[in-house]
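Notes to accompany the following structure.
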Amino acid sequence: MAAMYSAPGKLILAGEHAVVYGQPAIAMPLQALRATVSAEAAAIGAGLTVHAPDLGAVWRLRAHAPLSDLAERALRFLDVAEPDATLTISSAIPIASGMGSGAAVGAALVRALAGLAGRELDAAAVSGLVYESERAFHGTPSGIDNTVVAYERPIIFQRQPAGPPAITPLAVGGPWHFLVADTGVASETRAVVGDLRRRWQADPAHYEALFASVGGLVRRIEAGLLGGDGAALGGLLNENQELLRTMGVSSADLDRLVAAALAAGAWGAKLSGGGWGGVMLALVERRAAAAVAKELLAAGATRVWPTELAGSGA
Ligand code: PMV
């Protein structure tokens, strides 16, 4: 019998991109969309094989691929030898969509390797290992993806000038209802983050003012999530979207879905994650959810997922 390990996808509610530059951001796990790794024993001496049938890929250790490097790092951290095992990855999280697919696959892989060694790693250890791997292959990640995926709870995340980031559990009123809609356009976060970095280097004062405005909004959104005023909270999400557009990380497809959601009665709507493609979110009154979902699909969304944020978490 194969043992199963998993980790959820995630949604950034507010503060993406500015979070890379030290501003706070809010993220929640998407428990219904998970990456799963099944682990089966292999013949003695067979070593470790990692299968990703969805990608048509197979890795062994020392393959210098992101997942084989992460597996080596996890085995070193656990201080165990290469296991004789076959790991098979499957994921319900769309790739390159701003939903944390890479971090979730990484976290599930680390949990599987710990499980094979008869151990369980805490969230901080899983998060740290996945962060190192994202850093090696994605440039300058803020660390919010690996954190929310490993801790599996809504958080406010803020990098610190020195030392580890501040990770605060999010206090929530609600329940808040969101729709997540996919543009169907794959977008590599690394490219968007790199492009924004070049523009920031050319005009730091302009971009730092935008990032600071996002940071201020995130603190107001944090307070809004505790209360019950949906229209006010939606307005703050709309302001965040305007700042993201000014930063140059939205796209015509994202803008069209945001406009469709607002026209159909959503309280607020914005892109979520890296931008240029991937997903957007809409904050909706529960009774408006079906109508907004219908309009999102009519406006070209390839998929729409409902999700809820309430009391103790998602
Ligand atoms: O697109 P995702 O799911 O990787 O989210 C990226 C979030 C950014 O703030 C744009 C980048 C980061 O590292 O925080």
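A few remarks follow.
- For V214, V20, V148, order by how many other beta-carbon atoms lie within 10 Å, fewest first: V20, V214, V148
- Taking Lys and Arg as +1 and Asp and Glu as -1, the other residues whose beta-carbon sits under 14 Å from that of E132 total -1.
- Result for the chain in a Gaussian network model with C-alpha springs under 10 Å: among S101, S251, S91, the largest mean-square fluctuation is at S251.
- Karplus-derived 3J(HN,Hα), 6.51/-1.76/1.60, for each residue of the stretch 133-146, Hz, glycine and proline x: 5, 5, 5, 5, 10, 10, x, 10, x, 6, x, 6, 4, 4
- Of the residues A14, A46, A293, the one that moves most in a GNM of the chain with alpha-carbon contacts below 10 Å is A46.
- Annotation: amide H of A57 within the under-5 Å range of A52, sequence separation 5 or more or interchain, hydrogens built in the peptide plane.
- Low-density loop positions, trypsin sites (Lys or Arg not before Pro), the stretch 90-144 - DSSP coil, at most 14 other Cβ in 10 Å: R119
- Spatial separation of Cα centroids for the stretch 137-197 and the stretch 217-276, in angstrom: 15 Å
- Sites listed here are trypsin sites (Lys or Arg not before Pro) in the stretch 276-314 whose DSSP assignment is loop and whose Cβ has at most 15 other Cβ atoms within 10 Å, and the list is empty.
- Percent of beta bridges antiparallel (DSSP, the chain, rounded to nearest 5): 90 percent
- Value at 222 nm in deg cm²/dmol, rounded to 500, when DSSP H runs of n ≥ 4 in the chain each add -39,500 (n - 2.57): -13500 deg cm²/dmol
- Computed Kirkwood radius, in angstrom, where 1/r is averaged over Cα pairs of the chain: 19.8 Å
- Karplus (6.51, -1.76, 1.60) ³J(HN,Hα), θ = phi - 60°, over the stretch 214-224, in Hz, Gly and Pro reported as x: 4, x, x, 4, 4, 5, 6, 5, 4, 5, x
- Close amide H partners of S91, meaning residues 5 or more places away or on another chain with modelled amide H under 5 Å apart, are T36.
- ³J(HN,Hα), Karplus 6.51/-1.76/1.60, whole Hz, each residue of the stretch 63-71, x for Gly, Pro: 8, 6, 10, x, 6, 6, 5, 5, 4
- The distance between label points at A136 and R199 comes to 3.2 nm (points 7 Å beyond Cα on the Cα→Cβ vector).
- For A232 and A3, the FRET efficiency from 1/(1 + (r/R0)^6), where r spans their Cβ atoms and R0 equals 45 Å, is about 0.45.
- Placing +1 on each Lys and Arg Cβ and -1 on each Asp and Glu Cβ, with no other charges, gives the stretch 1-134 a dipole about its Cα centre of roughly 120 debye.
- Loop-located GluC sites (Glu not before Pro) in the stretch 112-152 whose Cβ has at most 15 other Cβ within 10 Å (DSSP): E120
- Computed from Cα atoms, the angle from the helix 230-247 axis to the main principal axis of the chain rounds to 70 degrees.
Bear in mind that the values in this text are calculations on the coordinates, not laboratory data. Bear in mind the structure is a predicted one, so any value in this text is a computation, not a measurement. Note that we place each Cβ from the backbone using ideal geometry, even for glycine, and neighbour counts take in every protein chain shown.
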